[in-house]
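Scroll down for the structure; my scribbles are underneath it.
The values are calculated or read from the model by the stated rules, or taken from the named source; none is laboratory data. Not measured: the values here are computed from a predicted model. Counting neighbours? That spans all protein chains shown, and the Cβs are built from the backbone with ideal geometry, glycine included.
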Amino acid sequence: MTDRTGVQFRGKIGEEVRPWGKFRTYPHRAAGSLKIITVSPGRALSLQYHRRRSEFWVVLDAGLEMTLGERVWRPKRGEEIFIPSRIPHRLRCVGRRPGRVMELWIGRSSEGDIVRLQDDFGRIT
């Protein structure tokens, strides 16, 4: 599941190998926000989408379950996920420890650009 923005964003990700391993660089200058999201065990983000922004997630921990459109899976640590605007998505922690993802916004936006479809805490948009 991708769109043109996702292909362009992924094309700007760089990787360099060093004697000790490697590093990846992300086109952060185009990002509207960069944050680490931590989900507590047994908790979930809203099933939501965004009108104005896409997102790019890098999974930092095991024990998470990802919903993206109709697809539901348990991403591996280090997995990179592009979330196009207007596509419903949700992150759930199914592990015993908190799970984290690094999130980059693609496009200028705000926290108000969330349309909640389902929410465990009664925050439906």
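A few comments on the model shown:
- Listing of strands (runs of 3 or more DSSP E) fully contained in the range 12-100 that carry 2 or more residues being surrounded by 14 or more Cβ atoms within 10 Å (Cβ to Cβ): 31-39, 47-49, 54-59, 64-68, 80-83, 89-93
- Looking only at residues of the range 1-50 that are β-branched (Val, Ile, Thr) and modelled with pLDDT under 85, we find that the one that is farthest from ARG77 (Cα to Cα) is THR5.
- Within the range 7-42, the residues that satisfy the criterion of being in contact (Cβ under 8 Å) with a residue 24 or more places away in the chain and aromatic (Phe, Trp, Tyr) are PHE9, TYR26.
- Looking across the range 101-115, just one residue is exposed (fewer than 15 other Cβ atoms within 10 Å of the Cβ) and within 15 Å of ILE37 (Cα to Cα), and that is GLU111.
- From the list ARG123, ARG53, the one residue that fits, being closer than 17 Å to GLY6 by Cβ and modelled with pLDDT under 95, is ARG53.
- Selection within the range 54-91 - over 12 Å from the mean Cα position of the chain (by Cα) and of a type in the set (Lys, Arg): ARG71, ARG74, LYS76, ARG77, ARG86
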